[in-house]
Structure formats: structure tokens, C-alpha cells
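Worksheet: one structure, shown below.
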Amino acid sequence: MSAAHLLRHSRKLRTLRDALDYDRSALVRYFSAASASFPTKGSAAAGVEKRIGGARFPQCKQPGKELETFKVSLGGLNGRYACRRAPNNCIPTTITGLNGSLSCGQVSSARSFSSSADLPTHQEIGMPSLSPTMTEGNIARWLKKEGDKVSPGEVLCEVETDKATVEMECMEEGYLAKIIHGDGAKEIKVGEIIAVTVEEEGDLEKFKDYKPSTSAAPAAPSEPKAQPEPAEPKVKETEPSRTPEPKAPKTEEASQPGGRIFSSPLARKLAEDNNVPLSSVMGTGPDGRILKADIEDYLASVAKGGKREALAAPGLSYTDVPNTQIRKVTANRLLSSKQTIPHYYLTVDTRVDNLIKLRGELNPLQESSGGKKISINDLVIKAAALALRKVPQCNSSWMSDFIRQYHNVNINVAVQTEHGLFVPVIRDADKKGLGTIAEEVKQVAQRARDNSLKPEDYEGGTFTISNLGGPFGIKQFCAIINPPQSAILAIGTAEKRVIPGSVDGQYEFGSFMSATMSCDHRVIDGAIGAEFLKAFKGYIENPNSMLL
């Protein structure tokens with residue numbers, strides 16, 4: 001059936017033409033399943049409110065210039081309509097596309113208008129996506145409180161993402177009417193409403209008990225529900241066919257009758273991820289089947305003080321430490337790295353006597369010029385960056401259908417803090433002097449310890465260095481590759497060794513440092529990895545060549 005035919009014959013869409021021709025003089029928020037309502041022409045007087053069907057559409061006083069797109073689905077039709085509206089939320093002049101049910105899609109941090117006449121114009125602020133991999137976040141703390149006036153550019157709150165804690169700024173002027181998720185709120189999905197602002201101070205009191213509608217919540221993966229299976233087409237019979245009974249969708253079963261536990265795949269996955277025994281969860285689905293919502297309810301009760309079934313051996317004393325967002329993400333990424341990347345390891349010992357001597361000569365010059373002291377790690381970063389420029393195959397990523405070789409040498413430096421492991425990036429390290437590298441490393445390391453890194457501080461790295469030698473005295477170790485990179489260099493401590501001297505029968509002391517490179521064998525062949533370590537060793541043992 002064509003869209004034009006639907007417009008002519010659907011009672012709910014009978015007024016659609018008027019909406020299409022309307023001069024953006026009305027405000028929209030909700031369309032109910034009972035009545036699809038659109039404003040009509042003729043309500044042009046300022047302040048006029050036209051009610052058609054079940055929704056009010058107040059007159060817009062100042063039509064907007066720039067339009068933005070949002071989606072509205074009309075009930076009773078398999079169609080989704082992409083609408084254009086102005087920033088002052090006037091009705092659009094175009095509605096296109098087909099698909100969906102009758103509801104208004106929620107746009108994060110976009111102006112919203114209540115379907116209730118008791119609530120004035122307000123803006124619902126959603127949890128923003130502050131990094132490419134972010135799916136949920138935590139509220140570290142609010143810097144504004146309810147009733148405060150807010151202006152564009154002012155920081156509303158601090159959001160803990162999967163990478164770091166990031167400041168969230170206000171986009172429009174107004175008043176903070178309601179905080180939905182307070183300080184310390186955990187695992188808030190991207191797009192979920194966290195606060196509401198209003199334009200007028202006098203409207204604050206009306207949002208004292210405000211709760212966001214369930215339709216504003218972000219869409220989550222749907223749980224299999226018990227629904228009637230569609231009947232297969234049958235040949236017409238003289239006798240009326242009996243309506244088939246509803247059947248629940250098939251899911252894998254945990255066991256057979258006796259110790260039988262029914263659970264959906266989503267529920268089992270969530271239970272495994274959180275170490276929840278299915279036997280301790282009461283299912284609410286058909287035949288007592290455990291659904292994803294049951295596992296979420298169980299976890300919520302545990303978080304509120306409920307007791308989880310003891311998994312430790314009797315008599316053991318222990319404390320359960322909650323995982324932070326950065327800890328969860330680090331665990332998932334490193335587990336995925338070890339499971340999907342074919343690691344292999346190459347180790348080389350480099351003599352660092354000349355490196356230590358050069359550092360001793362450069363640091364007095366740095367101090368006299370007011371610069372930061374140069375560390376051994378700064379010299380290692382420079383040597384690795386130059387080696388990557390010489391062997392660019394190691395400055396690459398596996399992209400399934402091709403290998404992406406980067407033209408920039410951006411070195412991530414692993415920094416351990418009380419908040420977790422961070423890897424801030426030093427961009428174009430091959431083109432920077434030792435003094436600049438030393439300054440940047442100390443700055444980003446301090447921001448990591450203060451938990452104040454921004455996305456640009458850790459995104460875009462092409463190679464990682466992890467040093468456990470200087471601070472911890474670790475002789476040698478193998479690091480896990482940081483995806484999507486193809487290699488990571490693990491630096492051990494420098495130790496003195498007795499080595500043969502230049503004259504037969506004589507011996508001398510030398511300081512040696514161990515460097516182990518973890519390589520992705522899909523990208524870096526053994527000979528290529530060895531070539532990189534040869535170049536790296538050459539720069540470490542002849543550090544003056546890094547200054548050329």
C-alpha cells in the first residue's frame with residue numbers, strides 16, 4: 001500500500017496534509033496511540049492553542065531558522081516518519097519515511113514538551129556519549145544543585161566514562177529544575193535522562209516530583225516475550241479453524257525436569273558476566289523462565305544491601321570490592337585482546353650506560369632553562385617512536401580485510417593510578433624533542449592520577465609502552481596488546497652485569513635493560529618485530545643519534 005493511499009484512507013492520518021503544510025507554528029512532544037493529532041492552519045494568532053484529537057499544540061512565537069531532524073512513529077502503520085523541526089521546537093514542514101508504532105522518539109539533551117498541561121516548557125538532559133566505546137556512564141558528582149541558574153559552557157556534573165572522568169557542560173541557559181540521577185549514580189545508559197532544566201525560575205517548583213516517562217528511556221535489547229506464534233497460511237476449510245494457543249519462544253534449557261531451570265540467552269549471559277548462580281534467581285517468565293529483567297532485579301537487590309549466595313569456601317574471611325567503570329572496561333578489553341589476538345613475544349637486552357650518561361648531561365640544561373627533568377622513560381619513548389618511523393609495519397592495526405598503517409606515531413604510555421590503569425597518548429612523538437616529551441608525559445600522568453583525563457588525552461594511539469622497571473624494579477614481563485594496536489613494548493629495570501672487557505682477561509660492569517615486545521602475528525611477522533627491536537636497541541645504545 002502506498003503512502004498516498006494511507007494518507008487518503010487512514011482516519012488517524014486524515015489531518016497529515018495540514019501538518020505538512022503547516023508553517024512551523026506549533027510545538028510537539030507526544031502522540032498517543034488513541035489519537036494521532038496534528039495542528040491545522042488558521043491558528044496563526046499569537047498565543048493561540050489548537051487542540052486536535054488528544055494533544056495540545058501551542059503557537060510558536062519565534063520560528064527557528066535552522067532545522068534539526070527527529071523521528072516520530074505513527075501507530076497503526078508500519079512506518080517511521082523523520083521530521084524536521086527548529087530549535088524552538090516548532091512543527092516541521094516535512095515528514096518523510098515509513099516504519100514503527102505511535103510514540104515520540106526521545107533525543108538526548110533536546111528540548112522536550114510535556115503532554116501534561118501542568119508542566120511548562122522544559123529540557124530533558126540525557127547521559128551523553130563521551131567516548132566512542134561508551135555505552136553507559138556513572139555520575140561522579142554534580143557541580144550544580146537543583147534551583148541553580150545555568151549558562152552555556154558551565155559545568156553541570158562530572159561523568160565517569162569507560163576511559164576517565166569527564167566534565168559535562170550545559171548547552172543552554174536556564175535553571176536546573178530536577179536531578180534524576182544524583183551523585184554516585186551507577187551504570188546509566190547513554191541517552192537515559194539524568195536531569196531537567198527550565199527556562200523560567202518560577203517553573204522550578206512544578207518539577208519537584210518530576211519523573212521521566214518510560215518512553216524517554218533508551219532502547220535496550222529486547223527480552224524474548226511469550227507471544228502467540230503466527231499461524232501458517234492454510235487452505236480454506238468448510239469448518240472454522242481453531243485459533244492456535246499462544247506459545248512461548250523457544251530458548252535453551254538449563255536442565256531437564258527435576259532440577260529444571262529455564263532461562264533466556266540474554267539472562268544467562270548477564271548471569272555469567274556477574275557471577276550470579278541461576279539457581280538463586282526466581283524467574284518471572286513463562287513456566288518460571290528466568291528473564292534478563294530477573295537478573296537485573298537480583299543485581300539491584302544485591303547493590304541495595306541484599307546478600308548474594310556465598311561462593312567462597314566456608315570459613316574464609318573476605319571483602320567484595322565493587323568494580324569501577326574503568327576496571328570493567330579494562331578487564332573486557334584485555335580479555336578480548338588475549339582471546340582474539342595471536343600474541344607472540346620478542347625480548348632484547350640493551351646496554352643503557354650511554355643513555356644514562358646522556359640523561360645526566362641534558363638534565364642540568366633542562367633545569368637551568370626551567371624545563372622538566374628527562375627520565376629514562378622519556379628517552380625510551382623517543383627511541384621507540386624513531387624505531388617505528390624506521391619500521392612502519394609495527395605502527396599498524398589489523399582491520400580484517402586490510403592492515404591499516406598509520407602515518408602518525410602516537411605513543412600511549414601506561415600509567416597506574418588508584419582509579420585504575422590509564423594510557424594517555426603522546427602525539428607525534430617521533431617529531432618532538434626530549435624536553436617536550438618529558439613535559440607532556442608529566443602533564444598527562446598527573447591528569448591521570450587526578451582522574452581528569454579528557455578523551456583527546458587517550459584516544460588515537462598507535463603503539464603502547466608499559467614500564468614496570470623504574471618504579472617497581474621488575475626485571476622482565478610480557479604485556480597484553482592494547483587493541484586495535486598491533487604491538488606493545490614492556491620495559492624492565494636496568495641492572496648491572498659483569499661483562500668481558502676490551503682486553504682479554506679483564507672484566508667490566510655494564511647496565512642492561514630488558515625490553516619485551518608483544519606482537520600481533522596477523523600484522524607483524526617475526527622478522528619485522530626483530531627488525532623493530534634492532535632499531536630500538538640501536539637508538540638506546542647510541543642515544544646521541546636520537547638528537548640528530
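Annotation: amide H-H contacts under 5 Å for Lys178 (H modelled 1.01 Å from N, sequence separation of 5 or more, or interchain): Val196. The antiparallel fraction among DSSP beta bridges confined to the range 329-547 stands at about 80%. For Asn467, the residues 5 or more places off, or on other chains, whose built amide H falls under 5 Å of its own are Ala414, Ile491. The stretch between Lys431 and Val321 holds 35.3 nm of extra length on full extension. This uses 0.36 nm per residue minus the Cα-Cα distance.
Among Met171, Met517, the sequence by solvent-accessible area, most first, with a 1.4 Å probe is Met171, Met517. Across the range 421-434, coupling constants 3J(HN,Hα) worked out from phi with the 6.51/-1.76/1.60 Karplus curve, θ = phi - 60°, read 8, 10, 10, x, 10, 10, 7, 6, 5, 5, 9, 9, x, 5 Hz, and Gly and Pro carry x. Annotation: the range 122-198 has a Kirkwood hydrodynamic radius of 12.2 angstrom, from the mean reciprocal C-alpha pair distance.
Can you pick out the pairs among Lys357/Lys442; Lys373/Lys496; Lys186/Lys269 whose Cα atoms lie more than 27 Å from each other?
Where the Cα-Cα span goes over 27 Å, no listed pair is concerned, since all stay within it.
Highest average first, the peptides 345-353, 398-406 ordered by how many other beta carbon atoms sit within 10 Å of their residues are 345-353, 398-406. Cross-link pairs exceeding 27 Å in C-alpha to C-alpha distance, out of Lys328/Lys454; Lys454/Lys537; Lys208/Lys328; Lys454/Lys534; Lys372/Lys534; Lys144/Lys206, comprise Lys454/Lys537; Lys208/Lys328; Lys454/Lys534; Lys372/Lys534.
Evaluating 6.51 cos²θ - 1.76 cosθ + 1.60 at θ = phi - 60° for every residue in the range 392-409, the Karplus couplings come out as x, 4, 7, 9, 9, 9, 7, 10, 6, 8, 7, 10, 8, 9, 7, 8, 9, 9 Hz, glycine and proline recorded as x. Placing +1 on each Lys and Arg Cβ and -1 on each Asp and Glu Cβ, with no other charges, gives the range 424-548 a dipole about its Cα centre of roughly 200 debye.
Its relative contact order, with pairs defined as Cα atoms under 8 Å and 6+ residues apart, puts the range 329-547 at 30 percent.
The values are calculated or read from the model by the stated rules, or taken from the named source; none is laboratory data. Only a predicted model underlies this, so the values are computations on that prediction, with no experimental measurement involved. Here the Cβ is made from the backbone with ideal geometry for all residues, glycine too, and neighbour counts use every protein chain on show. For the accessible areas, the whole protein counts, side chains as well, though only heavy atoms, and no ligand, DNA or RNA atoms are used. Shrake-Rupley method; radii C 1.70, N 1.55, O 1.52, S 1.80 Å.
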